[in-house]
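Worksheet for the structure shown next.
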Amino acid sequence: MTGLEPLITAAVGGVAVPIFQSLWEGSGKVLGLFGKSLDEKTRQLIFQASKQYGQNYTERHGILKVLGMRQPRPLESIYTSVRFLGEEDIQGLDSVEDLEKAYRQSRNRSFQFKEQTKRSGIKVANEKQFLMVLGGPGAGKSTFSRRIGLEALKGKRGQFKHRCIPVLIELKEFRSGAIDIEHKIAEEFRICGFPDYQKFTIRALEQGKLLVLLDGLDEVPTGRTNKTIRQIQNFVDRYDQNRFITSCRVAAYRHNFRRFTDVAMAEFDNEQIENFINNWFSHDPVVGKDCWKKLNCPENTAAKELTQTPLLLTLICLLYQRARKFPTNRATLYEKALRVLLEEWAGEKGIPQEELYKGLDTRLKETLLSEIAHTAFEEDRLFLPRREVAEQIQDFLEETLTDGRIDGEAVLKSIEVQHGILVARAEGIYSFSHLTLQEYLTAQYIDDHRQIESLTTQHLTDLRWREVFLLVAGLMRGGADELLLQMEKQNQTYINTPKLRGLLEWSEQVSAGSAGNYISATKRAVAIFFAINLDLDRYRYRNLDLNLDLNLAHKLAINLDLDHYRYRNLDLNLDRDSYYYRNLDRALKRSSYYYLDRYLDLNLTLALDQANIFQGINLKILSARLEALKAKFPDRNQPLEVRKAFIEQVQKTWLKTLQLNLEQISLSKTETKALNNYLETNIFILQCERAAVRVSRKIREEIKERILLPPSSTKKIS
């Protein structure tokens, strides 16, 4: 028992039989096969055979069980309608330069980066008599074909608008022996008990009553591909009154099906991903909503990239179903996705390895791919000429496997067809199928070759490398101590002026020994936050593309004290106060008193006093001074100079209380950028620590304690 019996019974009882009945002539003849009216016994045989046919199709093609699923699932229960790209989108762009430019202008991680016309798969199938469905591994080609067959079996109740008997032939069955499509179709009717099944098959084909689904042209061995294509072409020409849908991986297609319309599977968009997840967790909608919500969190951006294909979206759902969360170690998720493409999917589809590719086990394949990924990523290249990739493969294999000559282009094609990790984006131009996979393989190369020092010295502040750092931390099974210490060491070089060092020294002086129940680094982060926000002229650099975030000190404080819920009230005040500070200079120009009033808000000083962040600073006196200033709040009609002078007086009051002067917080453009890098990197170190498989307690505590200490106060980092 599979638990699917009710579905099959419903599908067959009212679905399959009417399709066959609709093909009977009014005289009671079936497709004109029998020259006389049917007797009751023959009618019953056809009725039972029709019923059996629908049951067989539903049992064989209407059930999904992949990637180690413990229980099969009805295909229709999780199926999400697919969409096809138009011909102009299949062709892509012409050159590496065009592709790189288009990708970077799109400002997203997906390789389907340009505006594309997408059409409903079922609508296209209804319109086109001959359809070639193209896509990468796990894009949903086979699932689409099976679903169209199920819709055809429903007759008038289905979305397929042509009254046809669906027959699905897996082309991998033609790996050996005769390539006889007509015989395969006849066998489908024979095993269901159709009387005179061979004549029935011929007459059904001659009258155009079949929907022939030829699945997996790419699964035919290379040596038999041309012969198979010829046989399909001849069969289509002979029985061109029927409808045909063929599927093939893009990499294996040769554009030689002259009567067929080529369409490509489009990547899933947000609507389709959410719909798939809701269908998957239909038995528990709350879990489905939680999965979708977490998938859209910033820390899962790269994971969401994988969900653009049904295969890897299935993997994501399975992992979430088992643990009610995504893997804590992001490297584990991407490793699993890579193994699915390298091993499990080809195995489940029964795709044999080509002879020239058999010498590579999974680990060696990963090593080869990681070398290609790292070389390109170092050079900031996502799109690669075929010849260059083929040469790199050839050099690697000739050095690793044999003294003989290797055909790099043939191996590249084999990798593309079997695994879909490297894919053609245009004629002679390749990329990795997902940016996430290139990042993961790059991280694997760095870990394998122990390139931690060069990674940190060259790429620590490069946002493009952030995901690689996090993945390296997750791959270092022996512990990420070395990575974190190298990051810390490099980060110290950004505090390279007397003013920046002085700012850190001040934060240590005013917070050391205070009574607040926070770690020392949190206190220093809060102090730096206030110092930065007291510089009213900081927006003189607003037009510079520095990725400037003047609330980084605030974010750092939160990251340092993630478990300290007592920080929440102060956190809310800092959030609000940073907003008012940010708009204070604009408030003067607009004569708006809303922001100025908040600048004098005593709730902030009260929260600071209660948090006990500062040592030797009397915040009660500050509150009294601010209260007195509020009484002198300038009238709206006062000249701009008067109001600006008042703002500066409020600023001086804060500076005096916090034992600062204006010169200390007035940073140059270079210093502003350096401080931004320093604060952001401290946050990133904490994120890498959390992404790591293992970090020693000693190193974790030492690094956290040293954050925001001036270089002169820290021990030398080895």
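The values are calculated or read from the model by the stated rules, or taken from the named source; none is laboratory data. Small disclaimer: the values here were computed from a predicted structure and weren't measured. In this analysis, Cβ positions are derived from the backbone assuming ideal geometry, glycine residues included, and neighbour counts consider all displayed protein chains. SASA here: full protein model, heavy atoms, side chains in, ligands and nucleic acids out. Shrake-Rupley method; radii C 1.70, N 1.55, O 1.52, S 1.80 Å.
Data table
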item	result
Estimated distance in nm for a label pair at residue 670 and residue 363, the labels positioned 7 Å out from Cα along Cα-to-Cβ	5.0 nm
Gyration tensor verdict on the stretch 194-343 (Cα atoms; rounded if a/c is under 1.5, prolate if a/b is larger than b/c, oblate otherwise)	prolate
Cβ-Cβ FRET estimate between residue 70 and residue 328, R0 fixed at 35 Å, reported to 0.05	0.95
Accessible surface of residue 117 - all protein chains present, 1.4 Å probe, nearest 10 Å²	80 Å²
Where labels lie 7 Å past Cα in the beta-carbon direction, separation of residue 477 and residue 508 in nm	4.0 nm
Estimated distance in nm for a label pair at residue 517 and residue 636, the labels positioned 7 Å out from Cα along Cα-to-Cβ	4.6 nm
Between the stretch 281-314 and the stretch 123-147, the Cα center-to-center distance that results, in Å	24 Å
Rounded FRET efficiency, nearest 0.05, which uses the C-beta distance separating residue 344 from residue 230 and R0 of 25 Å	0.15
Reach of residue 161 by Cα under 27 Å, taken over lysines that are not fewer than 8 positions away in the same chain	29, 51, 118, 123, 128, 141, 184, 199, 209
Solvent accessible area, Å² - residue 162, 1.4 Å probe, full protein context	60 Å²
Potential extension, residue 278-residue 652 segment - 0.36 nm per residue separation minus Cα distance	129.0 nm
Loop-resident sites, the stretch 368-432, for GluC sites (Glu not before Pro), counting at most 15 other Cβ within 10 Å (DSSP)	379, 427
Computed lengthening from residue 289 to residue 628, 0.36 nm per intervening residue step minus Cα-Cα distance	116.8 nm
Sites residue 39 and residue 118 - FRET efficiency at Förster radius 45 Å, r taken between beta-carbons, to 0.05	0.30
Mean accessible surface per residue for the stretch 379-492, computed with a 1.4 Å probe while every protein chain stays in place, in Å²	38 Å²
Which of 192, 297 is most accessible, then next, and so on - probe 1.4 Å	297, 192
Order of exposure, largest accessible area first, which applies to 523, 656, 630 with probe 1.4 Å	656, 630, 523
The stretch 368-428 - percent relative contact order, Cα under 8 Å, separation 6 or more	28 percent
Gain in span if fully extended, residue 698 to residue 130, counting 0.36 nm per residue against the direct Cα distance	197.8 nm
